[in-house]
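In what follows, a structure is listed as structure tokens, so that the remarks can point back to it.
The values are calculated or read from the model by the stated rules, or taken from the named source; none is laboratory data. Please read all numbers here as calculations on a predicted model, not as lab measurements. Positions of Cβ are backbone-derived with ideal geometry, glycine not excepted, and every protein chain shown enters the neighbour counts.
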Amino acid sequence: DEMRLEENFDAHIDAGDFIEAKDWMPDHYRKTLVRQISQHAHSEIVGMLPEGNWISRAPTLKRKAILLAKVQDEGGHGLYLYAAAETLGTSRDQMFDALHSGKAKYSSIFNYPTLTWADIGTIGWLVDGAAIMNQVPICRCSYAPYARAMIRICREESFHQRQGYEALLTMMTKGTDAQKAMVQDAVNRWWWPSIMMFGPPDDQSPNSAQSMRWGIKRFSNDDLRQKFIDAAVEQARILGVTLPDPDLKWNEERQAHDHGPIDWSEFWRVIGGDGPCNRERLNARVKAWEDGAWVRDAALAHARKQTNLKEA
Ligand code: ACO
């Protein structure tokens, strides 16, 4: 019986049909989705921290308003994604516990520090740019609640990417020499971590084959990384910054850019918990959760009172 169900499921996937929350699905499909969606949700929530750092130090009222809106959007993305994971039978408390106890993964990129204002523009350009490249295909993910959540997220990410690029362009075209140097320094620090966001090389990516088979992933890690690099080269040229890779050059035969070796030992170290800011991020997240306990308690007490009043 189970086998028939699985054959039927595979046929739906092959036909390009979407799977809904109440449809039968193999256990491993459910687990894979919970793993990816919850990691994705945690990334949005932890991703608020490096930028939140700069809200009180944004250079103008306009930049501050934009940054506030962007960080709020990320909170919203985390909530849609937690809701999508809940449709698979995982509770939010379980996901929060996994994050706060350090068991859950979130994107490697958020373990790097934001040292100057130019880092905020660079995160918009490179980090959100990489996020869009990876996330647009997820709008066609076979699991419909995840795919639906991604549509709005991608629209907002695209605004995030543009505001970052525009902030850098302003500094590069109207800024002082010191500001231009600040942009170049930020790009030097964020380039390699940004291209690591796409995950390990295809031959070291244990989940890729099955996720591609199920239509959870539509492109491989290396294919998306390549598309991102090709787009970034042109954007860097317009901006007037150098990407910190001396081996980056156009390959006429492949119609793509070759790049230098990526330091995968750094990547594994960061996702293993030993990046520059892992402890700081997790502590900030746990502190926010604990400091907010009274709000959750008060909201629950209020809700209980309202129900009692109605019943009385
Ligand atoms: N940061 C942290 N962990 C990573 C990263 C990364 N950049 N890339 C891969 N990993 C982890 C995987 O989660 C997996 O760990 P697990 O098996 O313990 O769960 C392991 O490394 C091996 O990688 P893959 O087999 O390639 O894993 P997967 O097929 O899940 O591909 C990817 C990884 C591409 C990140 C995929 O999960 C994905 O597309 N996720 C949705 C997008 C997302 O999470 N974006 C978050 C950052 S963007 C933002 O929030 C602004």
Restricting the first residue to region 49-76 and requiring it to be free of Cβ contacts under 8 Å to residues at least 12 places away in the same chain, which pairs with a second residue that is assigned to a helix (DSSP H, G or I) and of a type in the set (G, A, S) meet a Cβ separation below 9 Å and a spacing of at least six or different chains?
-> K64/S56
Listed by first then second residue, the pairs whose first member lies in region 258-276 and is more than 23 Å from P246 (Cβ to Cβ) and within 14 Å of the ligand (Cβ to nearest atom), whose partner is in a loop (DSSP other than H, G, I, E, B) and basic (K, R), with beta carbons under 8 Å and at least 6 positions apart or on separate chains, are I271/K105
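Restricting attention to region 79-126, which residues are in contact with a Ser or Thr (Cβ under 6 Å, 6 or more places away or on another chain) and touching a residue at least 60 places away in the same chain (Cβ under 8 Å)? Reasoning before the result, please.
As a first pass, look at region 79-126 and keep what is in contact with a Ser or Thr (Cβ under 6 Å, 6 or more places away or on another chain): 85, 95, 106-107, 126.
Those that are in contact with a Ser or Thr (Cβ under 6 Å, 6 or more places away or on another chain) and touching a residue at least 60 places away in the same chain (Cβ under 8 Å): Y106, S107, L126.
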Of the conditions (1) more than 9 Å from the ligand (Cβ to nearest atom); (2) farther than 20 Å from F110 by Cβ; (3) hydroxyl-bearing (S, T, Y), S208 clears all except one; give me its number.
-> (1)
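Which members of region 44-82 meet the condition of being assigned to a loop (DSSP other than H, G, I, E, B) and of a type outside the set (S, T, N, Q)? I'd like the intermediate steps shown before the answer.
So in region 44-82, the residues assigned to a loop (DSSP other than H, G, I, E, B) come out as 47, 53-54, 58-60.
Correct list: G47, W54, A58, P59.
So that you can scan it fast, the table gives a plain yes or no per residue for (1) within 30 Å of D14 (Cα to Cα); (2) among the hydroxyl-bearing types (S, T, Y); (3) out of contact with any strand residue (DSSP E or B) (no Cβ under 6 Å at 6 or more places or on another chain); (4) at pLDDT below 95:
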{"site": "T176", "(1), (2), (3), (4)": "no, yes, yes, no"}
{"site": "D185", "(1), (2), (3), (4)": "no, no, yes, no"}
{"site": "W191", "(1), (2), (3), (4)": "no, no, yes, no"}
{"site": "M197", "(1), (2), (3), (4)": "yes, no, yes, no"}
{"site": "D245", "(1), (2), (3), (4)": "no, no, yes, no"}
{"site": "E253", "(1), (2), (3), (4)": "no, no, yes, no"}
{"site": "D263", "(1), (2), (3), (4)": "no, no, yes, no"}
Any idea which residue in region 44-65 is surrounded by the fewest Cβ atoms within 10 Å (Cβ to Cβ), counting only those that are of a type in the set (V, I, T) and within 24 Å of N283 (Cβ to Cβ)?
-> I55
Sole residue being among the small types (G, A, S) and within 16 Å of the ligand (Cβ to nearest atom), chosen from A41, A65 = A41
So is A41 out of contact with any Asp or Glu (no Cβ under 6 Å at 6 or more places or on another chain) and either loosely packed, with under 15 Cβ neighbours inside 10 Å or assigned to a loop (DSSP other than H, G, I, E, B) (or both) or not?
-> no
Residues in region 248-261: is at least one under 24 Å from the mean Cα position of the chain (by Cα) and farther than 30 Å from E166 by Cβ?
-> yes
Residue in region 12-21 that is closer than 30 Å to Y112 by Cβ, touching a Phe, Trp or Tyr at 6+ places or on another chain (Cβ under 7 Å) and either within 16 Å of the ligand (Cβ to nearest atom) or hydrophobic (A, V, I, L, M, F, W, C) (or both) present | no
Out of all the residues in region 237-248, is one or more buried (at least 16 other Cβ atoms within 10 Å of the Cβ), more than 16 Å from the ligand (Cβ to nearest atom) and within 20 Å of H40 (Cα to Cα)?
-> no
Output the helices (runs of 4 or more DSSP H) that fall wholly within region 83-145 and possess 1 or more residues being of a type in the set (V, I, T) and away from the ligand (no atom under 12 Å from the Cβ), or say none.
-> 117-122
From P193, P201, grab the single residue that is surrounded by fewer than 21 Cβ atoms within 10 Å (Cβ to Cβ), under 17 Å from S108 (Cβ atoms) and within 10 Å of the ligand (Cβ to nearest atom).
-> P201
For M150, work out the one condition from (1) touching a Cys at 6+ places or on another chain (Cβ under 8 Å); (2) of a type outside the set (S, T, N, Q); (3) surrounded by fewer than 18 Cβ atoms within 10 Å (Cβ to Cβ) it doesn't fulfil.
-> (3)
Over region 1-20, the set of residues on the phi < 0 side of the Ramachandran plot, assigned to a loop (DSSP other than H, G, I, E, B), exposed (fewer than 14 other Cβ atoms within 10 Å of the Cβ) and in contact (Cβ under 8 Å) with a residue 12 or more places away in the chain is E20
State whether the residues of region 217-233 include one that is within 9 Å of the ligand (Cβ to nearest atom), crowded, with 18+ Cβ neighbours inside 10 Å and touching a residue at least 60 places away in the same chain (Cβ under 8 Å).
-> yes
